[in-house]
Amino acid sequence: MPENKTGTREEWEAARAELAKLEAEQAERNNEIREKRQALPWVPVEKEYEFDTEDGKKSLAELFDGRSQLLAYNIMYGPDYEVGACPGCTSLGDEFDGSLVHLNHRDVTFLGFSRAPIDRLVAYKERMGWQFPYVSTYNTDFPFDFGLAMTEEQAQGVPEVKDMIDNPPEWLEEWSGQIGADLKDGLRENPSWIAFARENGTIYHTYTVSAPDPFVAPYFAFLLDRAPKEADPGDEFRSWRKDEYPD
């Protein structure tokens with residue numbers, strides 16, 4: 001028997017109507033948040049950066065690929081990760097390719113950033129079957145300047161991070177093994193979305209958002225929220241790469 005209570009169609013419709021009110025309120029709140037997001041001041045990027053790409057060295061301006069907007073996701077894959085990128089970030093990366101054509105036709109270039117060297121990113125991209133551009137920020141100040149990563153000293157200065165390093169829960173210890181890095185190094189990467197705009201030759205930083213914001217979760221997590229049963233609590237913090245599921 002299902003754990004959820006059963007009821008009549010009339011009872012379902014009444015409960016659904018109440019839920020619809022909450023969903024409408026949430027949608028209205030989301031519209032307000034979106035307006036404030038788009039109203040954020042743009043900050044000129046005055047520092048020069050050089051990135052390693054599959055096509056050689058490129059500047060930040062060249063990453064726009066002729067478009068006026070750049071949206072990127074910072075995948076947790078630090079230079080100390082010996083096995084691969086964060087499984088959770090990898091799950092999100094699995095879902096980027098389908099959006100590329102739609103973003104590109106709307107003047108938005110999309111790509112992924114990671115701090116691991118470009119040869120490891122290319123190999124991981126091939127393993128996962130990804131098509132989106134994957135750019136290395138290795139040996140640049142870019143991830144530290146924009147909060148996409150922390151130095152060892154910065155990580156030790158964040159109480160929440162220090163506590164996870166000193167007293168890791170079981171799932172985090174498993175995660176450390178999945179990426180092949182000590183937690184003191186693995187937790188220095190910040191899963192984040194970052195956006196830039198380019199107008200009249202000037203590049204502007206417009207937006208950044210990091211975990212635990214829901215936007216950083218894999219897309220399938222939003223689908224699971226609409227599935228009939230609540231997710232297994234034991235899986236709440238666990239992720240697997242698509243080629244490593246235990247079954």
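The values are calculated or read from the model by the stated rules, or taken from the named source; none is laboratory data. Model, not experiment: these values are computed from the prediction. A quick note on method: Cβ atoms are made from the backbone with ideal geometry, for glycine too, and the neighbour counts reach across all protein chains shown. Areas reflect the complete protein model, heavy atoms only, side chains present, ligands, DNA and RNA absent. Shrake-Rupley method; radii C 1.70, N 1.55, O 1.52, S 1.80 Å.
By the scheme Lys and Arg +1, Asp and Glu -1, what is the net charge of all other residues having a beta-carbon under 15 Å from that of H102? Net charge in that neighbourhood comes out at -1.
Ligands, DNA and RNA are left out, and with a 1.4 angstrom probe the accessible area of the chain is 61 Å² per residue. Pull out a ≥ b ≥ c, the square roots of the eigenvalues of the alpha-carbon gyration tensor of the range 99-153, then state rounded if a/c is under 1.5, prolate if not and a/b is larger than b/c, and oblate in the remaining case. Cα axes put the range 99-153 in the oblate bin.
Judged by the ratio a/c of the largest to the smallest principal axis of the C-alpha gyration tensor, the range 133-247 counts as oblate, that ratio being 1.5 or greater while a/b is no larger than b/c. Scalar couplings 3J(HN,Hα) for the range 78-86, obtained by applying the Karplus form with A = 6.51, B = -1.76, C = 1.60 to θ = phi - 60°, are x, x, 8, 6, 8, 9, x, 5, 3 Hz; x denotes Gly and Pro. Note on K229: lysines with a C-alpha under 16 Å away, same-chain residues under 8 apart excluded, are K5. The residues neighbouring N74, those whose beta-carbon lies less than 9 Å from its own, together hold a net charge of 0 under the Lys/Arg +1, Asp/Glu -1 convention. Note on E199: accessible area is roughly 100 Å² with a 1.4 Å probe, heavy atoms of protein only. Residues whose amide H falls under 5 Å from that of Y134, counting only those 5 or more places apart or on a different chain, are E54, G112, with hydrogens built in the peptide plane.
In terms of its C-alpha gyration tensor, the range 1-91 comes out oblate, because a/c is 1.5 or above while a/b does not outweigh b/c. The structure-derived value of semi-axes √(5λ) of the Cα gyration tensor in Å appears in the list (1) 33, 25, 18; (2) 35, 18, 18; (3) 25, 21, 19 under the label (1). Per-residue SASA remark: V122, around 50 Å² accessible (1.4 Å probe; ligands, DNA and RNA not included). Would you list, by chain and number, the lysines whose Cα falls below 30 Å from the Cα of K57, excluding same-chain residues fewer than 8 positions away? Cross-link targets: K47, K125, K184. A dipole drawn for the chain from +1 and -1 charges on Cβ atoms has a positive end, and of Y219, T90, F196 the residue lying farthest that way is F196. Shown for the chain: the carbon plus sulfur share of the solvent-accessible area, taken with all protein chains present and a 1.4 angstrom probe, equals 51%.
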